[in-house]
Amino acid sequence: MRRWVTDIVRRLWREMVGFSAVGIVGVTCDIATFNLVIGVFHAPKVYGSIAGTALGTLIGYLGNRFWVFRRRERRQSAAEVTLYLLVSAVGMLITAACVAFNEYVLGYTSLLAANIAQFIVGQGLGTVFRFWAMHVWVFPEARLDELAELAAPPHPDEDPDAAALVDSRC
């Protein structure tokens with residue numbers, strides 16, 4: 001089990017660090033929006049959760065697509081954005097559910113309790129889900145069979161000119 005975890009971390013550490021950096025920027029905007037909606041506009045805490053998470057999601061998409069996962073194959077933009085929004089919506093529901101559970105089930109109504117439910121518990125659970133889902137579904141690595149096909153030398157039967165080029169390098 002330990003070797004399995006070590007291999008995963010070794011393979012994904014750059015993405016984890018980048019995902020974390022983008023996440024810090026997104027969460028900073030999320031915290032500001034959450035507290036602005038609740039503290040200044042006196043809206044329900046769940047609305048603040050959704051507004052903050054929506055802004056963080058937009059920032060997260062831009063940072064993840066154009067920086068963290070920039071080397072991954074790109075899909076058609078509409079499909080990629082749709083998958084990103086679906087994954088983010090599930091992450092947002094996880095976070096909002098933690099805020100709702102904190103306030104309506106546990107009865108903690110203070111701003112501090114809401115921030116703990118939102119940013120420690122909710123964001124923690126949501127971030128684990130988002131990283132896994134982004135890595136697997138939204139910005140997937142090229143499949144091994146596709147990579148092998150790209151790396152394989154051309155077959156002489158398919159393209160004689162390419163085969164001659166391969167023979168001349170030997």
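The values are calculated or read from the model by the stated rules, or taken from the named source; none is laboratory data. The model shown is predicted, which means the values in this text are computed figures rather than measured ones. Here the Cβ positions follow ideal geometry from the backbone for every residue, glycine too, while neighbour counts run over all protein chains shown. Ligands, DNA and RNA are stripped out before the accessible areas are found, and what is left, the full protein with its side chains, is counted by its heavy atoms. Shrake-Rupley method; radii C 1.70, N 1.55, O 1.52, S 1.80 Å.
Accessible surface comparison of 2, 72, 65, probe 1.4 Å, protein chains only, largest first: the order is 2, 72, 65. Among 29-38, 3-12, 102-111, sorting by the average number of other beta carbon atoms lying within 10 angstrom of each residue, highest first, gives 29-38, 102-111, 3-12. The length gained by stretching the chain between residue 35 and residue 16 to full extension, at 0.36 nm per residue less their Cα-Cα distance, is 4.1 nm. Simple spin-label estimate for residue 2 and residue 66 gives 4.3 nm between the two label positions (7 Å along the Cα-to-Cβ direction from each Cα). Of the residues 21, 94, 51, the one whose Cα sits farthest towards the positive end of the charge dipole of the stretch 11-136 is 21 (charges of +1 on Lys and Arg Cβ, -1 on Asp and Glu Cβ, taken about the Cα centre).
Computed over the Cα atoms of the stretch 42-88, what is the ratio Rg over Rh, Rh following Kirkwood?
Here Rg/Rh amounts to 1.10.
For the pair residue 142 and residue 89, a Förster radius of 25 Å applied to the C-beta separation gives a FRET efficiency near 0.40, rounded to the nearest 0.05. Charging the Cβ of each Asp and Glu at -1 and of each Lys and Arg at +1, and nothing else, the dipole of the stretch 1-96 about its Cα centre rounds to 500 debye.
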